[in-house]
Amino acid sequence: VQLQASGGGLVQAGGSLRLSCAASGRTFSSYAVGWFRQARGKEREFVAAISSSGGSTYYAGSVVKGRFTISRDNAKNMVYLQMNSLKPEDTAVYYCARNLGGSYYYPTNFGSWGQGTQVTVSS
């Protein structure tokens, strides 16, 4: 299983981006997927996660709640992260990964990390 994030870019503060996460393999609908981000010089942090069916979603509280929306299309092996009202502090490399079990909030519970996609928000 391999997951690959795409869709990043440079955007002005207040703008929007939609990130995509493409997964290989036939078991995509059997696992939850999370989005994480890592700003330069900082640890990787949880952004959002979605259950295997897409019926439950989780967000990093006050950091992104209300601005970001996670969704998935199991027929296409895709997960999306719609990011609105972007702020300069959202600048980071964004990664998607497969949940291996346990809490969605910890990167150590995720695997199949692909290369991230850079999001840069200018002020």
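Worth a mention:
- Within region 74-97, tally of residues that are touching a strand residue (DSSP E or B) at 6+ places or on another chain (Cβ under 7 Å) and either modelled with pLDDT under 95 or among the aliphatic types (A, V, I, L, M) (or both): 8
- No other residue among S71, S20 is modelled with pLDDT of 95 or more, in a strand (DSSP E or B) and surrounded by fewer than 16 Cβ atoms within 10 Å (Cβ to Cβ) apart from S71.
- A97 being hydrophobic (A, V, I, L, M, F, W, C) and over 14 Å from the mean Cα position of the chain (by Cα): no
- Selection within region 58-68 - in contact with a strand residue (DSSP E or B) (Cβ under 8 Å, 6 or more places away or on another chain) and either open to solvent by 40 Å² or more (accessible area, probe 1.4 Å) or at pLDDT below 95 (or both): Y58, Y59, A60, V63, V64, K65
- The test for being of a type outside the set (S, T, N, Q), more than 14 Å from E89 (Cα to Cα), out of contact with any strand residue (DSSP E or B) (no Cβ under 6 Å at 6 or more places or on another chain) and surrounded by fewer than 13 Cβ atoms within 10 Å (Cβ to Cβ) holds for G55.
- Test for S85: is it more than 16 Å from C21 (Cβ to Cβ), part of a loop (DSSP other than H, G, I, E, B) and open to solvent by 10 Å² or more (accessible area, probe 1.4 Å): yes
- Within region 88-121, restricting attention to residues that are in a loop (DSSP other than H, G, I, E, B) and among the hydrophobic types (A, V, I, L, M, F, W, C), the residue that is farthest from A49 (Cα to Cα) is W113.
The values are calculated or read from the model by the stated rules, or taken from the named source; none is laboratory data. Quick caveat, the model's predicted, so the values are computed rather than measured. Cβ: placed from backbone, ideal geometry, glycine included. Neighbour counts: every protein chain shown. Note: areas computed on protein heavy atoms with side chains; ligands, DNA, RNA excluded. Shrake-Rupley method; radii C 1.70, N 1.55, O 1.52, S 1.80 Å.
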